[in-house]
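Please treat every number below as a calculation from the coordinates, not as lab data. All values reported here derive from a predicted model rather than from experimental measurement. Every residue, glycine among them, receives a Cβ derived from its backbone with ideal geometry; neighbour counts consider all protein chains shown.
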Amino acid sequence: MTSYIARRLLAAVPVLLLVSLLAFLLMQIVPGDPAHAMAGSDASVEEINELRRGLGLDRPWHLRLAEWYLALLQGDLGHSYTLRADVTDLIFERIPITLSIAIYSMLIAVPFSIVLGVLAARFRGSALDLGIMGAALLGVSVPNFWIGIMAILFFSVQLGWLPAGGYVPPSESVIGWLQSMTMPALVLGTMQMGLLTRITRSEMLEMMHKDFVRTARAKGASELRVMMAHALRNAIIPIVTVIGLLFGMIVTGAVVVEQVFSVPGLGRLIVQAILTRDYPLIQGTLLFVASAFVFVNLIVDLSYAFFDPRIRQN
């Protein structure tokens, strides 16, 4: 197992290097100038050029790329142009907020999705199946920002149950934190719930036609035991794979949701960096998100051995 983890981590190095290279090159070709954005529209050409020299943007791109990689080898993601702080500090300041939304949304989406997928497979072709699949299709199709706006109008404006936006740290109020996180988590979990429900139903339908399921029924096992102990247990590997991918999608989807609900997480930090052309902050956050995605997929691969004894034996 240790050698497997080491191989996976080594295989992730070229991926992260490629992501960092693409992030750097992308900043060189997109329109806009950080110096102009920082100096303002009233700044003179001389002031903008002086600011460019101060930021090091007047040097050739290949020299700046070499410095970027040298800094990465030392664990330095750079210094933000606009926020005047280390990119690493800014990321670790915001990432707990984004992770709390992501984990909260997964805690909502995963159990409900698996239960609904199993029910849809068990009662295939019934009104219950059609209703669940219709709701799942709607959840996958409707964009997050529209669901977020509708949630604000319903839960905040009409019912007054939840705040329309903002963030309350748990150190100030646990109840306030839950209230501020609930709507973003529900909105983020909607698409994931729809996709995971469809995957669960598909995998369950495939397993229910296997010989071991028919054998379990022939031995007199109850339908609940057949569905949960036999069909679902063997269908869990692809479901876990999708859960890992969905977690990565949730982190990236937080960019939109955090803007809608004014949550000061990593997604909103990325948007702020893009609007101000803050190159180090954009490059650092993109590399961090890619690293998190690789780490989540590694955890998913390692979890296979827990759910399938055959993998442990191999």
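Answer with one residue from M208, L246, V174: the one whose Cα lies farthest towards the positive end of the charge dipole of segment 159-314, charges on Cβ with Lys, Arg +1 and Asp, Glu -1.
Projecting each Cα onto the dipole axis, the largest value belongs to M208.
If packing is taken as the mean number of other Cβ atoms within 10 Å per residue, what is the order of 47-60, 185-198, 253-266, highest first? Walk me through the intermediate numbers first.
Working: 47-60: 14.1, 185-198: 24.1, 253-266: 22.1.
Top to bottom by mean Cβ count within 10 Å: 185-198, 253-266, 47-60.
Charges only on Cβ, +1 for Lys and Arg, -1 for Asp and Glu: so what's the dipole of segment 1-74 about the Cα centre, in debye to the nearest 20? Before the final figure, lay out the partial values.
Numbers: 6 positive and 7 negative charges, 136 e Å.
It works out to roughly 660 debye.
Taking just the alpha-carbon atoms of segment 1-128, what radius of gyration and Dmax come out, in angstrom?
When restricted to the Cα atoms of segment 1-128, Rg and Dmax are 23.1, 72 Å.
Just need log10 I(q)/I(0) for the chain at q = 0.10 Å⁻¹, Debye formula, equal scatterers on the alpha-carbon atoms, no solvent, rounded to two decimals.
-0.73
Would you mind putting 92-102, 289-299 in packing order, based on average other-beta-carbon counts within 10 Å, highest first? Don't jump to the answer; show the numbers that get you there.
Working: 92-102: 20.4, 289-299: 17.3.
Final packing ranking: 92-102, 289-299.
For L70, L178, what ranking results if the residue with the fewest other Cβ atoms within 10 Å of its Cβ goes first? Can you show the working numbers first?
Details: L70 10, L178 14.
Least crowded to most crowded, the residues run L70, L178.
Over segment 1-129, calculate the relative contact order: mean separation of alpha carbon pairs under 8 Å at least 6 apart, over the residue count, as a percent. Before the final figure, lay out each step's value.
Numbers: 37 pairs, mean separation 13.5, N = 129.
This gives 10 percent for segment 1-129.
For the chain, what does the helix formula give at 222 nm: sum of -39500 (n - 2.57) over DSSP H segments with n ≥ 4, over the residue count, nearest 500 deg cm²/dmol? The partial results should precede the final answer.
Working: 13 runs with 231 residues, N = 314.
Value at 222 nm, helices only: -25000 deg cm²/dmol.
Pairs of Cα atoms under 8 Å, at least six residues apart: use those to get the relative contact order of the chain, whole percent. Don't jump to the answer; show the numbers that get you there.
On the way: 339 pairs, mean separation 82.5, N = 314.
Value for the chain: 26 percent.
At 0.36 nm per residue, and after removing the present C-alpha to C-alpha distance, how many nm does the segment from W161 to D58 gain when stretched out fully?
Answer, rounded to one decimal: 31.8 nm.
Among R201, R7, which comes first, second and so on when ranked by fewest other beta-carbon atoms within 10 Å? Working shown, then result.
Working: R201 25, R7 10.
Listed from fewest to most nearby Cβ atoms, that is R7, R201.
Once the principal axes of the Cα atoms of segment 170-264 are found, what is the range along each, listed largest first in whole angstroms?
Reported extents, whole Å, longest axis first: 56, 25, 16.
For a quick protection proxy, order the peptides 233-241, 25-33 by their average other-Cβ count within 10 Å, most packed first.
On the way: 233-241: 17.9, 25-33: 11.2.
In decreasing order of mean packing, 233-241, 25-33 become 233-241, 25-33.
Is segment 96-185 rounded, prolate or oblate when judged by the Cα gyration tensor, a ≥ b ≥ c being the square roots of its eigenvalues, rounded requiring a/c under 1.5 and prolate requiring a/b larger than b/c? Each step should come with its number before you reach the end.
Numbers: a/c = 2.73, a/b = 1.84, b/c = 1.48.
Since a/c reaches 1.5 and a/b is larger than b/c, the shape of segment 96-185 is classed as prolate.
Only four residue types carry charge here, +1 at the Cβ of Lys and Arg and -1 at the Cβ of Asp and Glu. Report the dipole size of the chain about the Cα centre in Debye, rounded to the nearest 20.
On the way: 22 positive and 21 negative charges, 349 e Å.
Value, rounded to 20: 1680 debye.
Rounded to whole Å and ordered largest first, report the semi-axes of the equivalent ellipsoid of segment 102-261 derived from its Cα gyration tensor (root of 5λ). Let's see the in-between values first.
Numbers: eigenvalues 246, 49, 38 Å².
Equivalent ellipsoid of segment 102-261: 35, 16, 14 Å, largest first.
For the chain, list the DSSP H helices whose alpha carbon atoms reach 27 Å or more along the long axis and whose average Kyte-Doolittle value is -0.5 or above? Display every interim value, and only then the final one.
Numbers: long enough: 2-29 (41 Å, 1.79); 87-122 (50 Å, 1.59); 174-207 (44 Å, 0.66); 233-260 (40 Å, 1.74); 279-307 (42 Å, 1.61).
TM-like helix candidates: 2-29, 87-122, 174-207, 233-260, 279-307.
With a point put 7 Å past each Cα toward its Cβ, work out how far L25 is from L10 in nm, to one decimal.
Distance between the two pseudo-spin positions: 2.6 nm.
Charges on Cβ only, +1 for Lys and Arg, -1 for Asp and Glu, centred on the Cα centroid of the chain; of S100, L25, I299, which one is farthest towards the dipole's positive end?
Going by the charge dipole, the pick is I299.
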